[in-house]
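**Student:** Have a look at the structure that comes next, please.
The values are calculated or read from the model by the stated rules, or taken from the named source; none is laboratory data. Being a predicted model, the structure only gives us computed values, none of them experimental. Heads up, the Cβs are rebuilt from the backbone with ideal geometry, glycines too, and the neighbour counts pull from every protein chain shown.
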Amino acid sequence: MTSALNWFEIPVANLDRAQPFYEALLGQPLRREAMGPGHTLAVLPYAQPGVGGALLAGGPPPSAQGAIVYLNVGPGLDAALARGLAAGGQQLGPVVDLPGDMGRFVHLLDVEGNRIGLHAHR
């Protein structure tokens with residue numbers, strides 16, 4: 001096993017609102033896929049093999065109280081944060097510099113009410 005994580009889903013109530021937010025935040029398009037009756041995904045970009053994830057409409061409700069998913073925003077944390085704020089996200093606390101070469105992170109509340117993390121290596 002190379003990674004304990006292989007897939008994640010961020011719950012959304014309104015995919016038409018959430019997808020443009022994440023596309024602006026990441027600066028890349030998401031791919032929509034039907035996932036059985038009542039469930040639709042907007043798949044985030046990822047290399048295969050690798051860890052993938054998606055926005056999930058039709059599943060559990062969004063929450064700022066659950067697990068925190070950290071999205072890799074490359075070396076451009078400040079730019080990604082600015083895009084996320086411009087797209088309607090809310091910053092939850094300061095940008096945190098991690099020790100050594102672990103990088104930096106910040107938490108955002110997305111347009112659906114989920115707490116997410118943005119992480120960048122230096």
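**Student:** Name the single residue that is modelled with the lowest pLDDT among those in the range 34-43 being within 17 Å of N14 (Cβ to Cβ) and of a type outside the set (G, A, S).
**Tutor:** Here the answer is M35.
**Student:** Just to verify a result, which residue in the range 55-86, among those that are assigned to a loop (DSSP other than H, G, I, E, B) and among the β-branched types (V, I, T), is nearest to R104 (Cα to Cα)?
**Tutor:** As a first pass, look at the range 55-86 and keep what is assigned to a loop (DSSP other than H, G, I, E, B): 58-68, 73-76.
Still in the list and also among the β-branched types (V, I, T): 68, 73.
Working: I68: 15, V73: 10 Å.
Among them, the one singled out is V73.
**Student:** Quick one: is A54 over 23 Å from A13 (Cβ atoms), in contact with a strand residue (DSSP E or B) (Cβ under 8 Å, 6 or more places away or on another chain) and surrounded by 15 or more Cβ atoms within 10 Å (Cβ to Cβ)?
**Tutor:** So A54 fails the test.
**Student:** Cβ-Cβ distance below 6 Å, separation of 6 or more or different chains: which pairs start in the range 104-115 with a residue that is in contact (Cβ under 8 Å) with a residue 40 or more places away in the chain and end on one that is assigned to a loop (DSSP other than H, G, I, E, B) and of a type in the set (V, I, T)?
**Tutor:** Between residues of the range 104-115 that are in contact (Cβ under 8 Å) with a residue 40 or more places away in the chain and residues that are assigned to a loop (DSSP other than H, G, I, E, B) and of a type in the set (V, I, T), the close pairs are R115/I68.
**Student:** On the given criteria, is L25 surrounded by 15 or more Cβ atoms within 10 Å (Cβ to Cβ) and assigned to a helix (DSSP H, G or I)?
**Tutor:** On the way: surrounded by 15 or more Cβ atoms within 10 Å (Cβ to Cβ): yes; assigned to a helix (DSSP H, G or I): yes.
Yes.
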